[in-house]
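The values are calculated or read from the model by the stated rules, or taken from the named source; none is laboratory data. Nothing here was measured: the structure is a model prediction, and the numbers come from that model. Because the Cβ atoms are built from the backbone with ideal geometry, glycine has one as well, and the counts that use them run over all protein chains shown.
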Amino acid sequence: MTKKPEILLIYTGGTIGMVKDYKSNALKAFNFNHLYKNIPELKQLECAIETISFDKPIDSSNMNVNYWIDILKIIERYYSEKDGFVVLTGSDTMAYTSSALSFMIENLTKPVIFTGSQLPIGDLRTDAKENLITAIQIASARNDKDEAIVTEVGLYFEYKLYRANRTTKINAEQFEAFTSANYPPIAESGVHLKFNTSFLLKSNTTKKTLFRKKLNENIVVLKLFPSITKQVVQGILEIPDLKGVILETYGSGNAPTEDWFIRLLRKAVDRGIYIVDVTQCIGGSVIFGQYETSIQLKQVGLINGKDITTESAIAKMMYLLGENSNKIDFKKYFENPLRGEMN
Ligand code: ASP
């Protein structure tokens, strides 16, 4: 590339965009149009940065499918023009949003890097500057053949770039707020920025990049706990218009073997509701049939979520329901990796 890579920085809200007014001690939204003035270090990066901000930046607790589509539309609008994208959101729901975007873009050929921070950008001890600067560096990184190194949706936080749809927020106060228990970091930032190339998704540049905007939100997460009652399970499985359930089970996908429980699951599956078995554990995988307590789940027709995170399972389910796949395809697509989200 003879010209500098062009990066689009999309600000949706969250702590990263705040500055402290030291007189009043209050946090105020930071004007991203004045990025270079506030972070002069950015001038040293070998790229050109354009910024675009939500009209009304949001705390990521208010994130929803409509905002995901807004982010997607911005990326789509600038896709041919820009070489990479950095999306800033609050960290609270970043794992969900970045997972969703990974499914919503098919045949991605450019980097889309999410980041945020635990402390506002204007705070003396902020983690925002490092996260932002390195995320931009990652989005502009190119190999010897002048191709983008990362061609997937990533999440960069505290010196590590993860595959976004493998992440979970695990800490509300430490700078190391995210983990990816079932997949190694795809890049690490130390003295050098090191890409773990063998773990990166390969892109197929001959295929057209598609932007999928249909998502179905009629789903629920049902987390099991010892002594969960029939009334609760029945109430959830009989929600009107329910299309899918992420069933958070124990260990390697185990659930109670009580008759009432299995009967309710069977009834829901027979009514056409997709139920995916995911583990409550941060790491590891569902293995149907490893214990007696998961054999029946398989027999009832549950889908094996394997080592997918709950965040990613939610995004994948909304996406596949939106695509209106038939029953057989839904199961096949869910049980196989679409964007590197499971092994
Ligand atoms: N509550 C904030 C948010 O998720 C926290 C953060 O920005 O990290 O928007």
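Given the criterion over 21 Å from the mean Cα position of the chain (by Cα) and crowded, with 16+ Cβ neighbours inside 10 Å, identify the matching residue among THR51, THR97, THR89, THR15.
On the way: THR97 fails: over 21 Å from the mean Cα position of the chain (by Cα); THR89 fails: over 21 Å from the mean Cα position of the chain (by Cα); THR15 fails: over 21 Å from the mean Cα position of the chain (by Cα).
That would be THR51, the only listed residue that is over 21 Å from the mean Cα position of the chain (by Cα) and crowded, with 16+ Cβ neighbours inside 10 Å.
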*Under 8 Å between Cβ atoms, at least 6 apart or on separate chains: pull out the pairs that start in the range 329-341 with a residue that is surrounded by fewer than 16 Cβ atoms within 10 Å (Cβ to Cβ) and end on any residue that is β-branched (Val, Ile, Thr).*
GLU335/ILE303
*Taking VAL286, is it surrounded by 12 or more Cβ atoms within 10 Å (Cβ to Cβ) and either aromatic (Phe, Trp, Tyr) or assigned to a loop (DSSP other than H, G, I, E, B) (or both)?*
yes
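Regarding THR134, is this residue hydroxyl-bearing (Ser, Thr, Tyr), within 16 Å of VAL87 (Cβ to Cβ) and surrounded by fewer than 21 Cβ atoms within 10 Å (Cβ to Cβ)?
Taking the combined requirement at face value, the residue does not satisfy it.
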*Failed condition for TRP68, given (1) touching a Gly at 6+ places or on another chain (Cβ under 8 Å); (2) at pLDDT 95 or above; (3) within 16 Å of the ligand (Cβ to nearest atom), with all others met?*
(1)
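Answer with yes or no whether ILE105 is crowded, with 17+ Cβ neighbours inside 10 Å, within 16 Å of the ligand (Cβ to nearest atom), touching a residue at least 60 places away in the same chain (Cβ under 8 Å) and aliphatic (A, V, I, L, M). Full working, then the answer.
Details: crowded, with 17+ Cβ neighbours inside 10 Å: yes; within 16 Å of the ligand (Cβ to nearest atom): no; touching a residue at least 60 places away in the same chain (Cβ under 8 Å): yes; aliphatic (A, V, I, L, M): yes.
Considered against the rule, which asks whether it is crowded, with 17+ Cβ neighbours inside 10 Å, within 16 Å of the ligand (Cβ to nearest atom), touching a residue at least 60 places away in the same chain (Cβ under 8 Å) and aliphatic (A, V, I, L, M), ILE105 comes out as no.
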_Single unsatisfied condition, VAL278 versus (1) in contact with a Ser or Thr (Cβ under 8 Å, 6 or more places away or on another chain); (2) surrounded by fewer than 17 Cβ atoms within 10 Å (Cβ to Cβ); (3) of a type outside the set (S, T, N, Q)_ = (2)
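State which residue is nearest to the ligand (Cβ to nearest atom) when the search covers only the range 14-40 and only residues that are of a type in the set (A, V, I, L, M) and either touching a residue at least 12 places away in the same chain (Cβ under 8 Å) or under 30 Å from ILE314 (Cβ atoms) (or both).
Within the range 14-40, the first condition is being of a type in the set (A, V, I, L, M), and the residues that meet it are 16, 18-19, 26-27, 29, 35, 39.
Subset that is either touching a residue at least 12 places away in the same chain (Cβ under 8 Å) or under 30 Å from ILE314 (Cβ atoms) (or both): 16, 18-19, 27, 29, 35, 39.
Details: ILE16: 6, MET18: 8, VAL19: 14, LEU27: 10, ALA29: 12, LEU35: 18, ILE39: 17 Å.
Applying the filter and picking the extreme gives ILE16.
Go through LYS82, LYS43 for me and flag whichever is more than 16 Å from the ligand (Cβ to nearest atom) and surrounded by fewer than 17 Cβ atoms within 10 Å (Cβ to Cβ).
Details: LYS82 fails: surrounded by fewer than 17 Cβ atoms within 10 Å (Cβ to Cβ).
Exactly one of LYS82, LYS43 is more than 16 Å from the ligand (Cβ to nearest atom) and surrounded by fewer than 17 Cβ atoms within 10 Å (Cβ to Cβ), namely LYS43.
Considering only residues that are away from the ligand (no atom under 12 Å from the Cβ) and touching a Phe, Trp or Tyr at 6+ places or on another chain (Cβ under 6 Å), look in the range 85-102 and name the one that is nearest to PHE32 (Cα to Cα). First the steps, then the outcome.
Let us first name the residues in the range 85-102 that are away from the ligand (no atom under 12 Å from the Cβ), namely 85-87, 98-102.
From what's left, touching a Phe, Trp or Tyr at 6+ places or on another chain (Cβ under 6 Å): 87, 98, 100.
Details: VAL87: 12, SER98: 21, ALA100: 24 Å.
Per the criteria, the residue is VAL87.
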_Every pair of residues 6+ apart whose Cβ atoms lie under 9 Å, when the first sits in the range 207-225 and is more than 17 Å from GLY322 (Cα to Cα) while the second is assigned to a loop (DSSP other than H, G, I, E, B) and of a type in the set (A, V, I, L, M)_ = THR209/LEU108; LEU222/ILE228; LEU224/ALA255
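Could you run through the range 233-250 and say how many residues are more than 21 Å from ALA315 (Cβ to Cβ), out of contact with any helix residue (DSSP H, G or I) (no Cβ under 9 Å at 6 or more places or on another chain) and surrounded by 12 or more Cβ atoms within 10 Å (Cβ to Cβ)? Spell out how you get there, then give the answer.
Quick first cut of the range 233-250, residues more than 21 Å from ALA315 (Cβ to Cβ) only: 233-235, 237-238, 240, 250.
With the extra rule that they be out of contact with any helix residue (DSSP H, G or I) (no Cβ under 9 Å at 6 or more places or on another chain), the set shrinks to 235, 240.
Within this subset, residues satisfying the condition of being surrounded by 12 or more Cβ atoms within 10 Å (Cβ to Cβ) are none.
Matching residues across the range 233-250 total 0.
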*When you go through (1) within 14 Å of the ligand (Cβ to nearest atom); (2) buried (at least 23 other Cβ atoms within 10 Å of the Cβ); (3) not hydrophobic (A, V, I, L, M, F, W, C) one by one for ARG163, which number turns out not to apply?*
(1)
